[in-house]
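The values are calculated or read from the model by the stated rules, or taken from the named source; none is laboratory data. As the structure is a computational prediction, the values presented were derived from the model and not from experiment. Reconstructed Cβ throughout: ideal geometry from the backbone, glycine too, with neighbour counts over all protein chains shown.
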Amino acid sequence: MALIKCPECNKEISDKAGSCPNCGYPISKLIKGDTVRIKMPNNVVEGLLRLFSSRKAEVKSKNGNVLWEGMHGENARFTISEPSEIIINLGGWANEVTGTIYPGRKYSLVQDTGVHMLVTYRLTEADCIDAD
């Protein structure tokens, strides 16, 4: 048994549950999906900027449900059953990244170069990502 987050209420529940005991969301529908993995960047903000930054990262669905929470450098891992639009927040020191992801695929955040105040990333599909 593994614990997963209910996409409706964000409570941790068993992946064996037919529905969320808290809100009733049909978990069996979710389990029929496939795992998505996204490699989060491993940037360490040094110096004075570190006071204003966070090492936290999160992936949300377009409607605001948290699909994954973790730290920079980790691999986000969650299950979806259909193509989904997501928003990735890297803690305020980089742009919010948006994109459409597909069940069973792997993604990475690639840093774009340019002259700007914030670090800029974009979501790209990857053949493989670091082991998690």
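Among the numbered conditions (1) under 17 Å from Met71 (Cβ atoms); (2) at pLDDT 80 or above, tell me where Gln111 comes up short.
(1)
So Gly91 ticks every box in (1) in a strand (DSSP E or B); (2) more than 22 Å from Ile13 (Cβ to Cβ) but one. Which box is left unticked?
For Gly91, the failing item is (1).
Condition test on Glu85, is it modelled with pLDDT of 80 or more and either outside the structural domain of Cys6 (by TED's automatic domain parsing) or not acidic (Asp, Glu) (or both)?
Numbers: modelled with pLDDT of 80 or more: yes; either outside the structural domain of Cys6 (by TED's automatic domain parsing) or not acidic (Asp, Glu) (or both): yes.
The answer is yes for Glu85.
On the given criteria, is Glu58 of a type in the set (Asp, Glu) and at pLDDT 90 or above? First the steps, then the outcome.
On the way: of a type in the set (Asp, Glu): yes; at pLDDT 90 or above: yes.
For Glu58, the condition - of a type in the set (Asp, Glu) and at pLDDT 90 or above - is met.
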